[in-house]
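Below is one structure, written out as structure tokens, with a few remarks after it.
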Amino acid sequence: MAHADTDLATIPDTVATARRAFDDGRTRPIEWRRRQLDGLLTVLDVGAAELVAALGRDMGKPAPEAHFTDIGTTATDIKHIRKHLAAWMRPRKAKMRMQDRPGKGHILPEPLGVALIIAPWNYPVQLTLGPLAAALAAGNTAVVKPSELVPETSGILARLLREHLDPEAVAVVEGGPEVSTALLDQRFDHIFFTGSTSVGRVVAQAAAKHLTPTVLELGGKSPVIVASDVNLDITAKRLAWGKSLNAGQTCIAPDYVLVDRRHKDALVAGIVAAIEQFYGPDPSTSDDLAKIVNERHAERITKLLADHGGTVACGGAVNPVTRKLAPTVIVDPDPGSALMQEEIFGPVLPILAVDDVDEAVAFINRRPKPLALYVFSNEAHVAEDVAARTSSGGVCVNHVMFHIGPPELPFGGVGDAGHGRYHGQAGFDALSNLKPVYIRPFRPDLSLIYPPYTKLKVKLLTR
Ligand code: NAD
């Protein structure tokens, strides 16, 4: 079942319904919130087979990848939220300084209101339901817009969410930029956007109109530093995997590699061998490799491959029949080429030699802050040093992308890669107003603060 674009004229009513549901107070009790989280788990449970099949039709996502990255991870995150929800909802005690006593203080998390969630197509289940779980756990109602580029998945998500969640509190609105634009005209209390940096700017401008807080989960180029002292075999395998999962269409996919010059040839050979081991001699026919999502993206990547000034070590062209691109390794491209300037978002891995880690750090620091930064080194101080001297949304050492997993680690970007964080408690907090409450007894009543300001009072107050 493909999606149907929502009639733009119905959008104000949809938002008004979600606002009424918030205003009637139903979202405050923990029971309602747990029911919605259970509803999301039911969507992932009863809908798993349908969703996995839809992901296959929409983007050729291999079923094991769909289970692992879209269904399983999302369910695990939601279970974590459900387990800790009561603790996160409780007022958080704050210790008072001497001069603030005998007052007491605490932080009271309260819901914000109606959240708008705009999702991308690359992990459409995880990146639609993950933010939604955070919004509902925090006691908000929500309007959700999945991506139009995965119409089958969007349609199924819309139906399942209507069936298993409070339909007045959670609305699914389907369609593309015109639907997003109509939604962004409305006033929301929070906007959670996941997508490209360029559309993130559009969302930030729309949010400014109503002073709406945002979480912007955006993209960019996530670099990899391979130092001189690594296990090259395992490094090569991990990089080949990270660049090929979902055909490289992952926001935190390793974008390019800066490798110690002495190991460049061995690393390239290792990655080429790993790709063949994973996908066989012609990866563009492998069922284990996802498709490029549509013609426009296939053309975009083809252009990046046309003029990079480097040497192709393996892979090369998009297969026009399967719309698959064999994972492609490009050695020593021109750092000024489009391949090295734009987010690649496809299975193409540029590898550049550097003299040392310092050169790699300088290279990265000359460019926009990345969403993720990867360091491979056997020596802990090398990774610590890189983390301290660079700025990125997150850092993962000796692997790629795994830092997105632990719910104890907040996930998000910095600079052009976005702002705000979620996963686990970070998501609950991002979708809450963490309201400070300070309570004073009537006595003692400090007369010092009241005018008239006598000399003695001034002396004491200015001390
Ligand atoms: P996109 O920005 O094109 O679209 C994202 C969403 O915005 C979609 O729902 C789309 O319908 C909507 N949209 C598109 N144009 C719009 C406009 N002019 N006004 C309002 N809404 C509009 O991104 P995409 O192609 O779906 O996803 C790929 C990008 O997302 C990559 O840059 C990737 O790095 C990034 N991404 C980031 C994360 C993260 O967690 N930081 C996760 C996944 C993807």
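Where a number appears in this text, it was derived from the coordinates with a stated rule and is not lab data. Every value quoted in this text rests on a predicted model; they were computed, and no experiment measured them. Quick reminder, even Gly has a Cβ in these numbers, built from the backbone with ideal geometry, and neighbours come from all protein chains shown.
Relative to the first principal axis of the alpha-carbon coordinates of the chain, what is the inclination of helix 197-209, with its axis defined by its Cα atoms, in degrees from 0 to 90 and to the nearest 10?
Relative to the chain, helix 197-209 is tipped by roughly 20 degrees.
Going toward the positive end of the dipole of the stretch 249-321, with +1 on Lys and Arg Cβ and -1 on Asp and Glu Cβ, which of LEU304, ILE275, LEU289 do you reach last?
LEU304
Mind checking which of PRO131, HIS67, GLY103 is farthest towards the positive end of the stretch 24-140's charge dipole, using Cβ charges of +1 (Lys, Arg) and -1 (Asp, Glu) about the Cα centre?
GLY103
Neighbour counts of other C-beta atoms within 10 Å: give me TRP121, TRP32 arranged from fewest to most.
Ranking TRP121, TRP32 by Cβ neighbours within 10 Å, fewest first, gives TRP32, TRP121.
Would you tally the net charge around GLY200, using a Cβ to Cβ cut-off of less than 11 Å, leaving GLY200 out, and scoring K and R as +1, D and E as -1?
Local charge sum for GLY200: -1.
Within 10 Å, count the other beta carbons around each residue, average over each peptide in 56-68, 369-381, and list them highest first.
Result, highest mean Cβ count within 10 Å first: 369-381, 56-68.
Going by Cα centres, the stretch 144-186 and the stretch 1-46 are how many Å apart?
With the stretch 144-186 and the stretch 1-46 each reduced to a Cα centre, they are spaced 10 Å.
Run the dipole for the stretch 291-440 about the Cα centre, Lys and Arg Cβ at +1, Asp and Glu Cβ at -1, nothing else charged, and hand back the magnitude in debye, nearest 20.
860 debye
Which translational diffusion coefficient, to the nearest whole µm²/s, is obtained for the stretch 61-214 from the Stokes-Einstein equation, given a Kirkwood hydrodynamic radius over C-alpha pairs, 4 °C and 1.567 mPa s?
The diffusion coefficient I find is 76 µm²/s.
Considering only the chain, what is the antiparallel percent among its DSSP beta bridges, to the nearest 5?
The antiparallel proportion sits near 35 percent.
What is the set of long-range amide H partners of CYS314 at a cut-off below 5 Å, with H atoms built 1.01 Å from backbone N?
VAL329
Output ³J(HN,Hα) for the stretch 100-108: one whole-Hz value per residue in order, computed from phi by the Karplus curve 6.51 cos²θ - 1.76 cosθ + 1.60 with θ = phi - 60°, and x for Gly and Pro.
9, 7, x, x, 10, x, 8, 10, 10
Taking other Cβ within 10 Å of each residue's Cβ, how do ARG261, ARG238 sort, fewest first?
Ordered by Cβ neighbours within 10 Å, fewest first: ARG261, ARG238.
For GLY60, which sequence-distant residues (separation of 5 or more, or a different chain) have an amide H within less than 5 Å of its own amide H, given hydrogens modelled in the peptide plane?
Counting only residues 5 or more places away or on other chains, the set is LYS291.
Considering only DSSP states other than H, G, I, E and B, which GluC sites (Glu not before Pro) in the stretch 295-375 qualify as loop sites with at most 16 other Cβ atoms within 10 Å?
When the GluC sites (Glu not before Pro) of the stretch 295-375 are filtered for loop state and at most 16 Cβ neighbours within 10 Å, GLU342 remain.
Please list, short to long, the whole-number percent of alpha-carbon pairs of the chain in consecutive 10 angstrom bins beginning at zero.
Bins of 10 Å from zero give 4, 19, 27, 22, 15, 7, 3, 2, 0 percent of pairs.
Most exposed first by the Cβ proxy, i.e. fewest other Cβ within 10 Å, how do LYS264, LYS95 rank?
If I rank by nearby Cβ atoms, fewest first, I get LYS95, LYS264.
State, as an integer percentage, the relative contact order of the chain based on alpha-carbon contacts under 8 Å between residues 6 or more apart.
18 percent
Report, ordered by chain and residue number, the lysines lying within cross-link reach of LYS83, taken as a straight Cα distance under 28 Å and ignoring same-chain residues fewer than 8 apart.
Within the straight-line limit of under 28 Å, LYS83 reaches these lysines: LYS93, LYS95, LYS145, LYS435.
Please work out the Kirkwood hydrodynamic radius for the stretch 222-408, using every pair of different C-alpha atoms, and report it in angstroms with one decimal place.
About 16.3 Å for the stretch 222-408.
What is the list of residues in the stretch 1-44 whose amide nitrogen lies under 19 Å from a point 7 angstrom out from the Cα of HIS106, following Cα to Cβ?
Counting backbone N atoms under 19 Å from the label point, the list is 28-31.
With Cβ to Cβ distances under 12 Å as the rule, what net charge do the other residues near GLU148 carry (K, R +1; D, E -1)?
Here the charged neighbours net out to -4.
What does the highest-first list of 324-332, 427-435 look like by mean Cβ count within 10 Å?
Highest mean packing first, the order is 324-332, 427-435.
Taking θ as phi - 60°, what are the ³J(HN,Hα) couplings along the stretch 178-186 by the Karplus curve (6.51, -1.76, 1.60), each to the nearest whole Hz, with x for Gly and Pro?
Running phi through 6.51 cos²θ - 1.76 cosθ + 1.60 with θ = phi - 60° gives 5, 5, 4, 4, 5, 5, 5, 6, 7 Hz.
Counting Lys +1, Arg +1, Asp -1, Glu -1, what net charge surrounds PRO124 among other residues with beta carbon under 9 Å of its beta carbon?
Surrounding charge for PRO124 is -2.
Which whole-number percentage describes the relative contact order of the stretch 60-109, with Cα contacts under 8 Å and a sequence gap of 6 or more?
Once normalised by length, the contact order is 28 percent.
For the stretch 245-306, what does the alpha-carbon gyration tensor say about shape, rounded, prolate or oblate, given a ≥ b ≥ c as the root eigenvalues, a/c under 1.5 as rounded, and a/b over b/c as prolate?
oblate
Quick check: convex hull over the Cα atoms of the stretch 131-180, volume per residue in Å³, rounded to an integer?
In the stretch 131-180, the Cα convex hull volume per residue is 72 Å³.
Helix 232-244: angle to the longest alpha-carbon principal axis of the chain, degrees 0 to 90, nearest 10?
70 degrees
About the Cα centre of the chain, what is the dipole size in debye to 20, counting +1 per Lys and Arg Cβ and -1 per Asp and Glu Cβ, all else neutral?
Around 2940 debye, computed over the chain.
Report relative contact order for the stretch 222-408 in percent, whole number only (criteria: Cα-Cα under 8 Å, sequence separation at least 6).
29 percent
At 7 Å along the Cα-to-beta-carbon direction for both ILE439 and TRP32, put a label point, then send me their distance in nm to one decimal.
Taking the two extended label points, one gets 2.4 nm.
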